[in-house]
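Structure, as structure tokens:
No lab work stands behind these numbers, since they all come straight from the coordinates. Everything numeric in this text was worked out from a predicted model, so none of it was measured. Every residue, glycine among them, receives a Cβ derived from its backbone with ideal geometry; neighbour counts consider all protein chains shown.
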Amino acid sequence: MAALHTVPAVQAIQPPPAAHPAAAGGLSLEDRLTAVEAAMSLRLDEAAVAYEVNTAHIDTEPVNLADIITVPLTPTLQPAPQHSTTQPDTPVAALLERARARMEADGWCAGALRDESGSVCLLGAIRNEAGQDRALEADAASVVLDTIRRRFGDHVDSVPSFNDAHGSGRIPLRMLDQAAATAAAKGL
């Protein structure tokens, strides 16, 4: 009776090892690399088919990436600032905190201190919360401008021009928050 032998369906093509450069049949390095690449591609294809065959019986449910990957609706480069629940002890820091709260409550606008819907810009929020104290308003605006320039560069001319350069209030709100922290740290 004849013995049964198993033979692989496809045999990998492997170039014989060369004893010295003349034994390579005069093939250039590029030709030899191409031959090895073809052999490796064949092996990878065989491995892919074997993997599919070996895992076909495993019952899996397709993964919905929306269930796994979550991103914020508005991407940020920095973590959101944590607002303190206590009022800052310094007048400028307190004013900037109130201005941030005012902008969050009323909304943000560009091109005017306050628009027809009641939204405010950076300077409008500061002015509203400063009341008639123009010195306090000037100090707060100065801290905001310093904070903006430290973050975005000295090319920023003014608080209103910075505010108007944005399409949403996200960055201006962040600058108010950072300016309040700076004012509190400096004791202003």
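General remarks:
- Local net charge near Pro91, Cβ-Cβ under 10 Å (Lys/Arg +1, Asp/Glu -1): -3
- Around Cys109: net Lys/Arg minus Asp/Glu count, Cβ-Cβ under 14 Å: -1
- Sequence ranges 35-46, 166-177, 90-101, ranked by mean other-Cβ count within 10 angstrom, highest first: 90-101, 166-177, 35-46
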